[in-house]
Structure formats: structure tokens, C-alpha cells
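Right, one structure below, let's go through it.
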Amino acid sequence: MIRHDWKFEEIGEIYNTPLLDLIYKAASVHKQYNDTGEVQVCTLLSIKTGGCPEDCAYCPQAARYNTGVNVQALMGKEEVLEYAAKARAAGSTRFCMGAAWREVRDNKDFDRVLDMVKGVNEMGMEVCCTLGMLNEEQAKKLADAGLHAYNHNLDTSADYYSEIIHTRTYADRLDTLENVRKAGVTVCCGGIIGLGETHEDRIGMLHTLSTMDRHPESVPINALVRVKGTPLADNPKVDVWDMIRMIATARILMPATMVRLSAGRAEMSQAEQALCFLAGANSIFAGDKLLTTPNPSFEEDNMLFELLGLRPRVAFKDEVANQPVPA
């Protein structure tokens with residue numbers, strides 16, 4: 001049975017399990033609930049870059065930091081669809097579009113994004129957006145356009161959040177997720193480690209995610225990508241064992257969720273990535289960039305998949321599996 005009533009102390013016990021035992025347990029749960037030979041391959045494109053008014057301490061797209069990221073206006077639909085077609089040809093089945101906005105506004109830019117969502121959906125790809133905060137009506141418009149998933153990360157625990165972001169609250173994040181749920185769009189929500197948080201903060205974030213009435217369908221686990229010019233540029237590099245511990249714990253708590261090995265993967269060896277897959281990761285971002293930070297190329301990932309005997313997960317697999325069988 002998939003649980004939603006995890007206690008903080010229970011999660012702490014799982015998280016602090018000796019690492020090899022933790023990986024073994026997570027791998028067993030993963031095998032029980034998922035096809036361990038398949039990995040969801042997603043591509044993330046920044047459709048509007050830089051100039052964000054938020055002050056997220058990790059983000060190179062915040063206007064207040066001098067990170068060398070040039071502000072770029074919202075891309076055109078045809079250019080976005082070209083990127084989506086290339087991603088699909090390379091093996092991606094989910095296409096994620098990110099805009100450096102604090103919130104969605106009801107204007108021509110949002111109308112253009114809705115048109116992009118329709119276009120990518122018509123290509124047979126799962127469409128995901130991350131556009132900042134949005135209200136219930138805006139979420140409904142995205143759903144009507146064919147949006148499959150909406151990404152809005154918690155980033156860290158409720159207790160540590162105000163140390164990283166001051167321009168919005170944890171409650172704002174949760175409100176957006178609730179609006180997404182009401183619209184019938186699947187939720188993509190995870191966090192970042194390496195922000196200076198404690199292990200208790202990591203456990204706290206996992207507690208929030210795993211006690212939601214419905215677990216997020218996707219949980220990205222990100223390692224901080226240290227970017228010069230941001231307040232966290234000099235933070236220590238995240239230890240790969242911490243990533244594995246987070247992935248394994250997330251897998252045990254949320255057995256049927258897609259756990260995404262996300263930012264920071266470019267600094268991992270093939271062996272380290274293999275351990276992440278063994279511990280329960282079954283989703284990645286593919287392509288040279290994650291918005292503005294480096295990521296392994298499609299070619300590198302194809303080699304890795306071949307080496308490990310992995311294959312890309314098909315688009316809309318859950319929806320197809322749940323369709324009634326014709327009489």
C-alpha cells in the first residue's frame with residue numbers, strides 16, 4: 001500500500017539507514033512498483049531567459065545577480081516546436097518549457113505559451129511547463145491547451161525556505177500546486193540539495209512531499225549547480241552519496257512516483273549515475289542544457305542507456321495503461 005501518513009521520525013530512520021541497506025531497500029521497492037528497465041527522458045527548454053524579479057539564492061536568472069546570463073524575450077512558437085521535434089527525434093517523450101517569470105500574467109505572452117503547449121501536445125509529447133506562480137483559472141487554461149504536467153519545486157524544507165528565497169513564501173508554492181491539482185494537471189515537484197540546509201531540512205522536504213493527499217507524479221532531485229554571481233556560488237559541491245540517499249528515500253516514500261535525477265548530473269560519472277538508477281531514479285533531463293546550466297548530451301545518455309540496458313519510457317504510459325479494453 002502506498003502511504004501518505006509518514007511521520008517525520010519514520011522518514012528520518014529511513015534516510016539515516018546505512019547506505020548499502022538503503023539502496024537495497026529502495027531497489028526492492030522500485031522493482032515492485034515500476035519497470036526498472038525504463039527511464040523517462042525529458043528535455044527542458046528555457047523559452048524566456050533571465051530578468052526574473054525573484055531573489056532565489058541559487059538561480060542565475062535572477063535579475064539582481066550578475067551571472068552573465070543575458071535576458072532573452074519569449075521565444076516564438078515555431079522555434080520552440082523545432083526544439084521539441086529535435087528532442088523527440090533524440091528520444092525524449094516529455095518536453096518541458098521554462099520561463100523566468102515570478103508568476104503567470106494574463107497577457108499576450110501567456111496566450112503564446114498556451115499556443116506552444118497546444119503545438120507540442122499535438123506532436124504526441126507530454127508537455128510540462130514551469131512558469132512560476134499561477135492561479136486556478138490560469139491552470140485551467142493550461143490544462144485545456146493540453147498541458148500534462150506543471151513543475152513548481154518546493155526547493156527545500158518549510159523551515160529553511162526563508163533563508164533561500166524572500167520574494168515569495170512556502171505557502172505561495174503550495175497554493176500553486178493546489179491550483180494545478182484542481183485543474184487536473186499532474187504535479188512535478190521536488191527540490192535542491194546543497195543550499196546549506198541540514199539533513200533535517202532534507203527530511204522535512206521529503207515529509208511535505210510524501211504526505212500530500214496525492215504524491216507528485218514527478219519528484220526532481222537536484223544538486224545545486226554553483227553559478228558565479230549567485231549568493232551560493234561558493235557552497236561546497238554536493239556529495240554524490242547525498243544524492244543517492246535522497247533518491248533512495250524518495251523512492252521508498254513515494255513508490256509509484258517518477259523520481260528524476262536532475263541538476264548536477266553533468267558532474268557525475270557513469271558509475272555514479274548507475275547507482276542513482278539502482279536506488280530508484282527513473283527519470284532524467286536530456287540535452288545539453290537545463291535552462292542555463294550544463295547537462296549531458298543526448299549522445300552521452302544514449303551510450304549510458306546502452307551500457308546499463310535501459311530504454312526510454314513511452315509518452316502517456318499511465319494514461320494508455322488505464323484506458324478500458326474495447327469489448
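The values are calculated or read from the model by the stated rules, or taken from the named source; none is laboratory data. These numbers come from a predicted model, not from an experiment. Note: ideal-geometry Cβ built from the backbone for every residue, glycine included; neighbour counts use all protein chains shown. To get the accessible areas, we keep the full protein, side chains included, count just its heavy atoms, and leave off ligands, DNA and RNA. Shrake-Rupley method; radii C 1.70, N 1.55, O 1.52, S 1.80 Å.
Points to keep in mind about this one:
- Residue in the stretch 76-92 that is hydroxyl-bearing (Ser, Thr, Tyr), in contact (Cβ under 8 Å) with a residue 60 or more places away in the chain and surrounded by fewer than 20 Cβ atoms within 10 Å (Cβ to Cβ) present: no
- Test result for residue 167, modelled with pLDDT under 95, surrounded by fewer than 17 Cβ atoms within 10 Å (Cβ to Cβ), over 18 Å from the mean Cα position of the chain (by Cα) and β-branched (Val, Ile, Thr): yes
- Test set (1) under 24 Å from residue 283 (Cα atoms); (2) in contact with a helix residue (DSSP H, G or I) (Cβ under 7 Å, 6 or more places away or on another chain) - residue 170 fails condition number: (1)
- Members of the stretch 150-159 found to be open to solvent by less than 20 Å² (accessible area, probe 1.4 Å) and under 10 Å from the mean Cα position of the chain (by Cα), listed by number: 150, 152
- Whether a residue is in a helix (DSSP H, G or I), without any contact (Cβ under 8 Å) to a residue 40 or more places away in the chain and more than 20 Å from the chain's Cα centre (by Cα) was assessed, and residue 140 does not pass this test.
- Meets criteria (free of Cβ contacts under 8 Å to residues at least 60 places away in the same chain, over 17 Å from the mean Cα position of the chain (by Cα) and not in a loop (DSSP other than H, G, I, E, B)) for residue 233: no
- Filtered residues of the stretch 151-171 (kept if free of Cβ contacts under 8 Å to residues at least 60 places away in the same chain and either assigned to a loop (DSSP other than H, G, I, E, B) or in contact with a strand residue (DSSP E or B) (Cβ under 6 Å, 6 or more places away or on another chain) (or both)): 152, 154, 156, 157, 158, 159, 160, 169
- Residue that is surrounded by the fewest Cβ atoms within 10 Å (Cβ to Cβ), among those in the stretch 228-263 that are farther than 29 Å from residue 314 by Cβ and in contact with a Phe, Trp or Tyr (Cβ under 8 Å, 6 or more places away or on another chain): 229
- Qualifying residue in the stretch 209-219 (condition: open to solvent by 20 Å² or more (accessible area, probe 1.4 Å) and more than 17 Å from residue 149 (Cβ to Cβ)): yes
- A single member of 40, 32 is part of a strand (DSSP E or B) and farther than 18 Å from residue 98 by Cα, and it is 40.
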